[in-house]
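Structure, as structure tokens:
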Amino acid sequence: MKPAIDVVRLARHPKRPTSRDFIEYLVRDFVELHGDRRFADDPAIIGGIGFFADIPVTILGHQKGRNVRENIRRHFGMAHPEGYRKALRLMKQAERFGRPVITLIDTPGAYPGIGAEERGQAEAIATNLYEMSGLRVPIVALVTGEGGSGGALGIGVADRVFMLANAIYSVISPEGCASILWKDAAKASAAAEALRLRAVDLKELGVIDGIIAEPGEGAHEQPGEAMGHARKAIAMALKELLVLDEETLVRSRYDKFRRMGAFTLDDGLSGLI
Amino acid sequence: MLNRLFVQCPQCQTTHFISFFKSAHYVCSRCGHHSRLDPPHWIRQLCDRGTFRSLFANLKSLDPLRFPQYRQKLDAAERAASGWEAVVTGTAEIGDMPVALAIMDPGFIMASMGSVVGEKIARLLEHAADHRLPVVIVICSGGARMQEGILSLMQMAKTAAAVRRLHGKRQPLITILTDPTTGGVTASFAMLGDVSIAETGALIGFAGPRVIQQTIGQKLPPGFQTAEFLLEKGMVDIVVPRKHLRATLVGVLKIHRTRPYPFHHGGGE
Ligand SMILES: [Zn+2]
């Protein structure tokens with residue numbers, strides 16, 4: 001198994017397929033939709049409608065840039081509140097017309113800035129978690145690169161969650177963790193290990209449903225092959241989910257996230273306070 | 001800090017008699033700084049005397065990632081907190097009205113949300129849904145508990161979904177945002193209150209001020225991320241000093257106690 005820090009580097013590889021590449025590969029007749037109807041169109045999240053196989057779907061995801069210029073414009077895939085609100089608008093629209101939703105996760109985290117706080121970054125993410133937990137159409141999430149904390153989860157409450165083999169998903173970046181723990185961002189390698197942020201770790205912790213294989217060194221070498229595996233996994237998931245009635249779908253999603261966590265019951269302590 | 005004869009305000013360093021300080025709700029009479037309180041103090045601030053009944057107190061944290069120093073950190077925090085975790089949950093009466101109540105403890109690893117906090121909040125919300133109780137949560141948190149990795153992040157989804165379940169039974173969530181409310185807790189149940197009440201001067205936000213400053217490379221405006229700032233930006237309903245908190249809460253609870261007309265769906269899911 002690769003050291004965690006090597007996987008972190010692959011997950012952030014500049015040539016790694018982005019959400020736009022996935023959308024082009026997975027979806028036919030794609031129509032991109034823009035804006036949250038409240039403030040702006042956030043270029044850090046893209047989304048729209050199209051056909052996956054013969055199924056009309058809504059597909060959306062974080063969008064990183066291919067070069068420095070585009071990355072600056074797209075805030076390196078770090079969304080503002082309007083990005084999460086655009087995502088929610090598209091998901092509610094999908095629900096209205098009975099379309100399943102596919103989300104693509106690839107972000108260092110939600111954007112930390114003055115405007116983001118002023119416009120309610122926390123509220124936007126919280127509302128997405130709340131609404132996604134009750135959305136009455138299937139949701140399939142795919143962590144394609146970086147699953148950075150609340151900014152990733154903000155479009156990640158799904159019936160099936162998959163990760164590419166060299167993607168990461170974590171509560172905090174290894175650098176952030178290292179600087180808190182050891183006051184030294186250079187110890188990111190140890191922090192990456194400790195956080196257990198690889199796809200194999202998440203599978204073991206019961207947080208994701210499946211791992212999408214990547215060819216050779218990583219998805220950047222032959223994007224088509226990795227995306228082909230992703231297509232198969234999504235197709236299989238939709239096949240299973242589209243036969244469920246709405247009640248079962250929403251209840252199963254609730255139960256899925258409800259089970260996550262690790263704790264013990266110590267009955268000697270009850271009623272202490 | 002609160003067990004001696006005198007206490008010093010952490011903001012302006014004024015020394016107060018503990019007895020005066022107590023009757024001032026642990027708020028500095030000089031600068032208005034609101035001291036952070038532990039759950040037993042909050043219970044005395046908010047609940048009718050002797051009505052608090054603890055629920056889910058037997059949930060204890062594990063170290064699922066075998067994260068460096070986490071076990072020692074937990075042991076120390078548990079000793080200091082006499083057994084409870086970063087949140088205390090139960091039922092109580094406030095102004096003779098029954099409520100489900102959760103109080104987060106800044107003394108316990110900065111009230112960070114790990115599996116136990118998420119599970120206790122979710123169980124309390126489900127309990128309240130089943131028993132048709134309004135929920136009051138006194139919030140304070142440094143965010144997600146890094147030492148539980150991805151499992152702590154998933155508590156955000158779990159708690160937000162549980163708020164939805166509460167709403168399915170037409171019961172309100174009343175959040176009391178205290179200093180500091182940040183990170184994953186803000187971005188989940190803290191921002192989902194039907195009525196959100198913030199304490200005067202409390203720091204409330206998603207990203208920490210230091211992270212924002214590093215990212216944008218400029219100084220933050222004065223008062224940024226204070227309760228008053230959030231009120232101005234439309235992110236909270238009410239900002240009150242602690243001495244008016246209980247009365248404000250009672251007023252809000254009263255209005256939610258009676259139903260003006262029967263609902264169409266009878267409060268189903
Ligand atoms: Zn003072």
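Summary of values
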quantity	calculated
Yes/no for B:Ala247 being among the small types (Gly, Ala, Ser) and touching an Asp or Glu at 6+ places or on another chain (Cβ under 7 Å)	no
Residue satisfying all of: in the stretch A:136-157; assigned to a loop (DSSP other than H, G, I, E, B) and touching a Leu at 6+ places or on another chain (Cβ under 6 Å); nearest to A:Arg198 (Cα to Cα) among these	A:Val157
Unique match (being touching a Gly at 6+ places or on another chain (Cβ under 7 Å), away from every other protein chain (no Cβ under 14 Å) and surrounded by 15 or more Cβ atoms within 10 Å (Cβ to Cβ)) among A:Ala219, A:Ala233	A:Ala233
2 or more residues over 27 Å from B:Gly183 (Cβ atoms): qualifying helices (runs of 4 or more DSSP H) within the stretch A:158-273	A:223-241, A:246-258
Residues that are more than 13 Å from chain B (Cβ to nearest Cβ), under 13 Å from A:Gly61 (Cβ atoms) and hydrophobic (A, V, I, L, M, F, W, C), drawn from the stretch A:84-143	A:Ala87, A:Leu90, A:Met91, A:Val101, A:Ile102, A:Leu104, A:Val140, A:Leu142
Segments classed as strands (runs of 3 or more DSSP E), wholly inside the stretch A:1-72, with at least 2 members that are among the small types (Gly, Ala, Ser) and under 15 Å from the mean Cα position of the chain (by Cα)	none
Candidate set: the stretch B:2-48, residues that are among the aromatic types (Phe, Trp, Tyr), surrounded by 13 or more Cβ atoms within 10 Å (Cβ to Cβ) and in a helix (DSSP H, G or I); chosen: the one nearest to the ligand (Cβ to nearest atom)	B:Phe21
Test: B:Ala160 is without any contact (Cβ under 8 Å) to a residue 60 or more places away in the chain and at the interface with chain A (Cβ under 9 Å from one of its Cβ atoms)	yes
Residues of the stretch B:68-86 satisfying the condition of being surrounded by 21 or more Cβ atoms within 10 Å (Cβ to Cβ), part of a loop (DSSP other than H, G, I, E, B) and within 11 Å of chain A (Cβ to nearest Cβ)	B:Trp84, B:Glu85
Matching residues in the stretch A:139-155 - criterion: being touching a helix residue (DSSP H, G or I) at 6+ places or on another chain (Cβ under 6 Å) and open to solvent by 10 Å² or more (accessible area, probe 1.4 Å)	A:Glu146
Residues that are away from chain A (no Cβ under 12 Å), touching a strand residue (DSSP E or B) at 6+ places or on another chain (Cβ under 8 Å) and either open to solvent by less than 10 Å² (accessible area, probe 1.4 Å) or hydrophobic (A, V, I, L, M, F, W, C) (or both), drawn from the stretch B:87-101	B:Ile94, B:Val99, B:Ala100
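The values are calculated or read from the model by the stated rules, or taken from the named source; none is laboratory data. Note that the structure is a prediction, hence the values are computed from the model and not measured. Cβ atoms come from the backbone with ideal geometry, glycine included; neighbour counts cover every protein chain shown. Remember, those area values only see protein heavy atoms, side chains included, never the ligands or the DNA or RNA. Shrake-Rupley method; radii C 1.70, N 1.55, O 1.52, S 1.80 Å.
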